[in-house]
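Here is the structure we will look at, set down as structure tokens.
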Amino acid sequence: MTTPTQPEPRAEPRRVPCPTCGRPALFAPENPSRPFCSARCRGVDLGAWANESYRVEVKPVSEDDDTLPD
């Protein structure tokens, strides 16, 4: 006699905080805006990049300095 197999329990979808607004966002292929919660938040982040709001600070280098910055 065969025993019925139990279906494997499905894991809860992973949720991460949206980088723009902080609301929970589904981090799975079903969310085309991941890691953002919506297309709006994705657009806000893209606009910040386009406006150069995100910057990486570097030590200024003088023109006569031949060494590379650290």
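Throughout, read-outs are computed from the coordinates displayed, never taken from laboratory work. Note that the structure is a prediction, hence the values are computed from the model and not measured.
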Nonlocal amide H pairs with A25, under 5 Å, H built at 1.01 Å: V16, C18
Whole-Å semi-axes of region 1-58's equivalent ellipsoid (Cα gyration tensor): 40, 11, 9
